[in-house]
Amino acid sequence: MRKLKIIEHMSLDGVIQHSADGDDFPYSDWTAPYRTPAGRDAMLAAYGGSFGLLFGRRTYDIWSGFWPKAPSSPMADALNAATKYIATHHPESLAWGPFEGLGPDILEGIRRIKSQDGPDLILSGSSTLTSPLLEHGLADEVLLAVYPVLLGTGKRVFAKGTPPISFELVSTKAFPSGIIFNSYKAAGPLKP
């Protein structure tokens, strides 16, 4: 059975939004000043050698506007080669492949893909999928790349209404830029 890892780049106050995305978000590309070769290499290692990508439609559209045109690099090549599994009502409009729509029941589609043989799955940036994945026990691991900045506004990694869940710390790594990678394994419902 495939594992599903959520990887999110977030501010100290939980914001994962990186572009205006149709609203008035004023801090596009706020992660840029913290990017380093060491951080890039650690992120690539966190993705693993081979993986599938799980996306909501909005994140797929944002990434598909950038990565297919990006210069060849280990990250660009890996992302472009990965099969993309997309939550969408219009799979006929997808172009960045290889890809597959999840179908009308997103959670069932994810269960089906997880039960198949293949590389592990990565969800990155799709804030609307994070909470349901956690609520239904479909996420096996969460990697939070926490940046030393407060943004005060923007889409958050965990939506209001996310159920109480406990996690077990797997690893933590600090970088000179101030970014901290915290990796957690889902440990079940929070016990009062």
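The values are calculated or read from the model by the stated rules, or taken from the named source; none is laboratory data. It should be emphasised that the depicted structure is a prediction, and the values quoted were computed from it without experimental measurement. With ideal geometry, Cβ positions are generated from the backbone for all residues, glycine too; neighbour counts draw on all protein chains shown. SASA here: full protein model, heavy atoms, side chains in, ligands and nucleic acids out. Shrake-Rupley method; radii C 1.70, N 1.55, O 1.52, S 1.80 Å.
Tabulated results
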| read-out | value |
| --- | --- |
| Residue check for Ser131: hydroxyl-bearing (Ser, Thr, Tyr), free of Cβ contacts under 8 Å to residues at least 60 places away in the same chain and open to solvent by 10 Å² or more (accessible area, probe 1.4 Å) | yes |
| Pro119 vs. criteria assigned to a loop (DSSP other than H, G, I, E, B) and open to solvent by 10 Å² or more (accessible area, probe 1.4 Å) | yes |
| Qualifying position, being farther than 19 Å from Thr153 by Cβ and polar (S, T, N, Q), among Ser11, Ser73, Ser19 | Ser73 |
| Residue count for region 11-22, restricted to those that are without any contact (Cβ under 8 Å) to a residue 40 or more places away in the chain and either in contact with a strand residue (DSSP E or B) (Cβ under 7 Å, 6 or more places away or on another chain) or open to solvent by 60 Å² or more (accessible area, probe 1.4 Å) (or both) | 1 |
| Filtered residue count, region 101-137, keeping only those that are acidic (Asp, Glu) and at pLDDT below 90 | 1 |
| Residue list for region 147-166, restricted to those being out of contact with any Asp or Glu (no Cβ under 9 Å at 6 or more places or on another chain), surrounded by fewer than 19 Cβ atoms within 10 Å (Cβ to Cβ), in contact (Cβ under 8 Å) with a residue 12 or more places away in the chain and not small (Gly, Ala, Ser) | Pro148, Phe158, Pro164 |
| Qualifying residue in region 136-144 (condition: surrounded by 19 or more Cβ atoms within 10 Å (Cβ to Cβ), touching a residue at least 60 places away in the same chain (Cβ under 8 Å) and more than 13 Å from the chain's Cα centre (by Cα)) | yes |
| Odd one out for Gly125 among (1) more than 17 Å from the chain's Cα centre (by Cα); (2) open to solvent by less than 60 Å² (accessible area, probe 1.4 Å) | (1) |
| Residues of region 167-179 satisfying the condition of being open to solvent by 70 Å² or more (accessible area, probe 1.4 Å) and either among the polar types (S, T, N, Q) or part of a strand (DSSP E or B) (or both) | Phe167, Glu168, Leu169, Val170, Thr172, Lys173, Ala174 |
| Some residue of region 105-112 being without any contact (Cβ under 8 Å) to a residue 60 or more places away in the chain, in contact with a Leu (Cβ under 6 Å, 6 or more places away or on another chain), open to solvent by less than 20 Å² (accessible area, probe 1.4 Å) and outside any loop (DSSP other than H, G, I, E, B) | yes |
| Residue satisfying all of: in region 94-104; touching a helix residue (DSSP H, G or I) at 6+ places or on another chain (Cβ under 6 Å) and not aromatic (Phe, Trp, Tyr); least open to solvent (accessible area, probe 1.4 Å) among these | Leu102 |
| Qualifying residues in region 180-192 (those that are within 18 Å of the chain's Cα centre (by Cα) and more than 22 Å from Ala38 (Cβ to Cβ)) - the one surrounded by the fewest Cβ atoms within 10 Å (Cβ to Cβ) | Lys185 |
